[in-house]
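In what follows, a single structure is set out as structure tokens and then discussed.
The values are calculated or read from the model by the stated rules, or taken from the named source; none is laboratory data. Source: prediction; values computed, not measured. Because the Cβ atoms are built from the backbone with ideal geometry, glycine has one as well, and the counts that use them run over all protein chains shown.
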Amino acid sequence: MASLKFGYVGCGFMGQGVHIPNFASIPEVELVALAEIRPLLGEKVQRRWGFRKLYSSHLEMAKNPEIEAVGVSAAASEQSQIASDLLRAGKHVFMEKPMAVSVAEAEEMLASSQAGGGRLMVAYMKRYDAGNEIAKRHIDGMRADASFGRLLYARNHGFCGNWVAGFSELIEQTDEPRPQPAAGRFPDWLPEGQRGPYYGYLQQYTHNLNLLRWFLEAGDQAQVTAVDFDADGYTGIVTFDMNGVRAIIESASTSHHGWDEHTQLYFQHGWVRVTSPPLLLKNVGASVEIYSAGKTQEMLNPLPVPYTWCYRREAEHFVECVLNNKPFRSSGEDTLTDIRLFEDIYRTHLGR
């Protein structure tokens, strides 16, 4: 069996709780090295998961010729530079979203990929949710079937809530101070006082925007048409033209005990509705509703079999694509469009 010699950078909540356990559970993955700036925490996580080597810096890891691929989850203001360094060293990189906080930063990452030969995948786990995959197949089929008529409208409603859903994975901790992240390369035109709101919206709704583009096969054919935010730069609506379809994201933060997010695509004679589970609820896919209208009135609720965790499925996808030289479903090149759109959203919001 072919194996992937794998390293990981970062021992934070998502690294320890989600990504390292998932990669460790894949038979083809060989855990070679871990990089963590906090030495005691690094030693704890190394022992727990059986990494052979421990580095204090990702730059040390980048010099190890044995390592073929690296996962990265660090502060968003730093992980883009970490990923760039690894890509330039020829490592394939799996990284947490957001890919970057500016188009300039994202383009630099892709230039590093071209220069070093490493490929970049961004962890948009919603594209790997088995329920969303079912929805995508039905959407594609309905768009090709003239009996459903024209695709009229798409919307994503994301009012948040309790995203951890009682998640209980053991997280190793020490009393070492958390490192202070760098400031990050925000867009030059963005006022310093707007960086917090901009990043908060980007961090939360990058998943929603990316999912809509995927459902609509929009690629880079997506433009912001209107933005209506409250003064917090977060609560409100954004409308888009995505591949010729009007699309909208409804955003807010509420104290819902569960997770309040659903996506719906309306045809003249039917719809597809997807309801997303809390992000860290294991082994539960998105629920899907398919409505066929017109002469035949029918409602279907197809279920993914088996239920598997979207975070594990994205890790499996990364490993398969690297070992077999296949394209990533959520590549860095595709994700550049999301960063462009988030800059456009805030330019419109601020009147710049």
query: Which numbered condition trips up Ile345, out of (1) within 18 Å of the chain's Cα centre (by Cα); (2) assigned to a helix (DSSP H, G or I); (3) under 20 Å from Val238 (Cα atoms)?
result: (1)
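Yes or no, residue by residue, for (1) assigned to a helix (DSSP H, G or I); (2) under 17 Å from the mean Cα position of the chain (by Cα):
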{"site": "Glu60", "(1), (2)": "yes, no"}
{"site": "Asn64", "(1), (2)": "no, no"}
{"site": "Gln81", "(1), (2)": "yes, no"}
{"site": "Leu86", "(1), (2)": "yes, no"}
{"site": "Gly90", "(1), (2)": "no, no"}
{"site": "Ala106", "(1), (2)": "yes, yes"}
{"site": "Ser112", "(1), (2)": "yes, no"}
{"site": "Gly118", "(1), (2)": "no, no"}
field: region 114-169: number of residues that are under 20 Å from Phe23 (Cβ atoms) and of a type in the set (Asp, Glu)
entry: 2
task: May I ask you to verify whether Ala75 is of a type in the set (A, V, I, L, M, F, W, C) and either without any contact (Cβ under 8 Å) to a residue 40 or more places away in the chain or surrounded by fewer than 20 Cβ atoms within 10 Å (Cβ to Cβ) (or both)?
output: yes
In region 143-170, the residues that are in a loop (DSSP other than H, G, I, E, B), surrounded by fewer than 15 Cβ atoms within 10 Å (Cβ to Cβ) and of a type outside the set (Gly, Ala, Ser): Asp145, Arg150, Val164, Glu169, Leu170
- request: Select from region 300-321 the residues that are of a type in the set (S, T, N, Q) and under 20 Å from the mean Cα position of the chain (by Cα) and list them in ascending order.
  value: Thr308
- prompt: Quick one: would you say Gly200 is small (Gly, Ala, Ser), without any contact (Cβ under 8 Å) to a residue 60 or more places away in the chain and closer than 30 Å to Arg273 by Cα?
  reply: yes
query: Does Phe148 fit the bill of being within 16 Å of Gln264 (Cα to Cα), touching a Phe, Trp or Tyr at 6+ places or on another chain (Cβ under 7 Å) and among the aromatic types (Phe, Trp, Tyr)?
result: yes
task: Find all pairs meeting these conditions: Cβ atoms under 7 angstrom apart; at least six residues apart or on different chains; first residue within region 26-43 and in contact (Cβ under 8 Å) with a residue 40 or more places away in the chain; second residue assigned to a helix (DSSP H, G or I) and of a type outside the set (S, T, N, Q).
output: Ile26/Ala315; Ile26/Glu316; Ile26/Val319; Glu28/Val319; Glu28/Leu323; Val29/Phe23; Val29/Val319
- prompt: Residues in region 51-63 that are closer than 11 Å to Phe6 by Cα and either touching a residue at least 40 places away in the same chain (Cβ under 8 Å) or not assigned by TED's automatic domain parsing to the domain that holds His92 (or both): how many?
  reply: 2
query: Within the bounds of region 205-215, is there any residue that is surrounded by fewer than 18 Cβ atoms within 10 Å (Cβ to Cβ) and basic (Lys, Arg)?
result: no
- line: Over region 5-21, the set of residues surrounded by fewer than 20 Cβ atoms within 10 Å (Cβ to Cβ) and either out of contact with any strand residue (DSSP E or B) (no Cβ under 6 Å at 6 or more places or on another chain) or acidic (Asp, Glu) (or both) is Gly12, Phe13, Met14, Gly17, Pro21
query: Does any residue in region 283-297 that is touching a residue at least 24 places away in the same chain (Cβ under 8 Å) and part of a loop (DSSP other than H, G, I, E, B) come within less than 6 Å, Cβ to Cβ, of a residue that is crowded, with 18+ Cβ neighbours inside 10 Å and charged (D, E, K, R) six or more places away or on a different chain, and which pairs are these?
result: Gly285/Asp129; Ala286/Asp129
- line: Among (1) surrounded by fewer than 17 Cβ atoms within 10 Å (Cβ to Cβ); (2) within 24 Å of the chain's Cα centre (by Cα); (3) at pLDDT below 95, Ala2 falls short only on (2)
message: Just to verify a result, which residue in region 38-60, among those that are under 18 Å from Val93 (Cβ atoms) and not charged (D, E, K, R), is surrounded by the most Cβ atoms within 10 Å (Cβ to Cβ)?
response: His58
statement: All conditions in (1) surrounded by 20 or more Cβ atoms within 10 Å (Cβ to Cβ); (2) farther than 23 Å from His349 by Cβ are true of His269 except (1)
